[in-house]
Every structure is written in structure tokens, then in C-alpha cells.
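Only the coordinates and a few stated rules stand behind these numbers; no lab work does. Nothing here was measured: the structure is a model prediction, and the numbers come from that model. Note that each Cβ is placed from the backbone with ideal geometry, even for glycine, and that neighbours are counted across all protein chains shown.
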Amino acid sequence: MRAAFLIALSTLCFSLGGCAKDRSLAPPPDSEQITVTVKVPKDLSARTLQVMYRSTLCTFTDHTASGVAYQRDGYQRTDIQPVRKGQSDLYEAKLSKNGGGACQWQLSNVTFGVTYGDPTRFGENVTWGTGGGVVVVFDHNNSSRGRTGIKVDGDLAIRKDYYPWLGEVFLGGYRKYVSLAGEGSLYLGYQALQARRVYFEPVLHSGFVVGSQGTKVHKIGSFITFTYPDGSVVSDGRSAPDFRKLQAIRLAAEGKK
């Protein structure tokens, strides 16, 4: 009777293309670890890490733009809250390279960074906007942001300047937000195949706030207006503040002290 049941179960699995695997993550205790450390400035908070794992065993069917089916690596995200180290301004999280489980998950990338923990310090109903993010890719796959990023050898240490960006949007309903204006795009992207330690130190220049006002009408030639810390007003078609201009304003002001 038991033999007949096992044969029947085996036949069912075969007819369905194989019994479904347990797709849960199960990192082994001896898995190699990658340590992510964020030095968090005053007024900012560390974001929850979004950690992505991939599997070549647990694939799924996707389709091209023309409707052709193809198999893709399976992927699974897990969120990790960084832990403060004592009373310091350092927050740390450890990522297992081997995600384990029946799917043999492998670490692919991590998204992390900083944000304003209390945007209302800039005024009532002010919300968090964007900026201050980092994506590090540990394999040869693109991240959810669409690219692998700047290639680096060995461990990764990042130190970047940021400025408070207080913006107003009028079209589609009024909204006021605070973002972090920095170098490049909203997310810094890196590919670090050999990294075992990732360190991120955002340097916040709180005294140099840049403001922006969005256009109030859909009209050709109507752009966002930026007001820089030195009082200059620019409306030149940019969608984000001019980082080099912010750097120059700050360095000039600091040089006068």
C-alpha cells in the first residue's frame, strides 16, 4: 500500500513538472558574511536594508515584449534592520552570501542608505522625498535599479557630500518634501564582486539648504525654479539641484571663515 502511494505521488510530481521546492531562505551557520556599515549624521536615520537573493535552481517563466516565453533566475528579497553599535553613530548589518535553502539562494545585491527620520522638522506636512541611497551588486546581474554600477575591487568605502533639498510641487496637488541632494543619481551604484566590508559615510551640510518650486502650469519653457544657499535663483531645465554649484557655494563660504 505504501509503495503504491509513493509511486502515485511520484507520478503526480512528474506530470506537474516536478514537486514545488521550498523557496524559503535558510542561510547555513557557516555562511560567509558581508558587513554593511553606515555612519549616520545627526538629523538622519539609517534605512532598512533591502537584500536581494537569486537562484538558478528555482526559476520562473517570463515573457519578452513580443510575448516569447523564457526562463529567469528566481529572486527573493529580505529586509534587514541595521543595528546601532553601542552609543556611536555607526549602524551595522551582516549579510549571508549563501542564502541556503532548497533553491540554494545566493546574495545578489543590497539597497540601503539614509533618510530624514523626521521630515516635519522642516515644517508641518513636509514629507520625505528621495536621495541618500546606495545599491551594491555582488554578482553579474543588474540590480532592481537597472544596472550593476561602478566596478570596484576588494572592500568598498563610500564618503559623499549631501545637502538638504526642500521642494514644493504644485501640479497634481500640492506637496512639500525634503530630499537629499547629492552627486549623481538618487542612488549611488557599485559592483563589488570581492567585497566583504561595505562602509558608507554620508556627510550632511545642514546649513546649506537648497529650495525648489515646481511649475504651476503645463507650458513649454516653464521649469522648476531652484533657490540656492547664496540667494541665487536658477530655472534652467534641471530636475534636481546643481551639485557642483552647491559644492562651490559651500567651499566659498567656508573659505571666508
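Can you go through 163, 199, 177 and tell me which one is among the hydroxyl-bearing types (Ser, Thr, Tyr), touching a residue at least 60 places away in the same chain (Cβ under 8 Å), assigned to a strand (DSSP E or B) and in contact with a helix residue (DSSP H, G or I) (Cβ under 8 Å, 6 or more places away or on another chain)?
163
Of the residues 54, 72, 121, which single one is without any contact (Cβ under 8 Å) to a residue 60 or more places away in the chain and either among the charged types (D, E, K, R) or part of a strand (DSSP E or B) (or both)?
Within the list 54, 72, 121, the selection yields 72.
Would you confirm, using the coordinates I've provided, whether residue 156 is within 16 Å of the chain's Cα centre (by Cα), closer than 19 Å to residue 244 by Cβ and of a type outside the set (S, T, N, Q)?
Against the criterion (within 16 Å of the chain's Cα centre (by Cα), closer than 19 Å to residue 244 by Cβ and of a type outside the set (S, T, N, Q)), residue 156 does not qualify.
I'd like to know if the range 215-226 contains one or more residues that are small (Gly, Ala, Ser) and in contact with a strand residue (DSSP E or B) (Cβ under 9 Å, 6 or more places away or on another chain).
no
Considering only the range 117-144, state which residues are farther than 17 Å from residue 198 by Cβ and either touching a Cys at 6+ places or on another chain (Cβ under 9 Å) or of a type in the set (Asp, Glu) (or both).
Those that are farther than 17 Å from residue 198 by Cβ and either touching a Cys at 6+ places or on another chain (Cβ under 9 Å) or of a type in the set (Asp, Glu) (or both): 118, 124.
Hey, among the residues in the range 211-231 that are without any contact (Cβ under 8 Å) to a residue 12 or more places away in the chain and either assigned to a strand (DSSP E or B) or not β-branched (Val, Ile, Thr) (or both), which one's nearest to residue 182 (Cα to Cα)?
Residue satisfying both the conditions and the ranking: 231.
Just to check your reading of the model, which residue among 108, 96, 45 is over 30 Å from residue 166 (Cα atoms), of a type in the set (Gly, Ala, Ser) and under 16 Å from the mean Cα position of the chain (by Cα)?
Result of the check over 108, 96, 45: 108.
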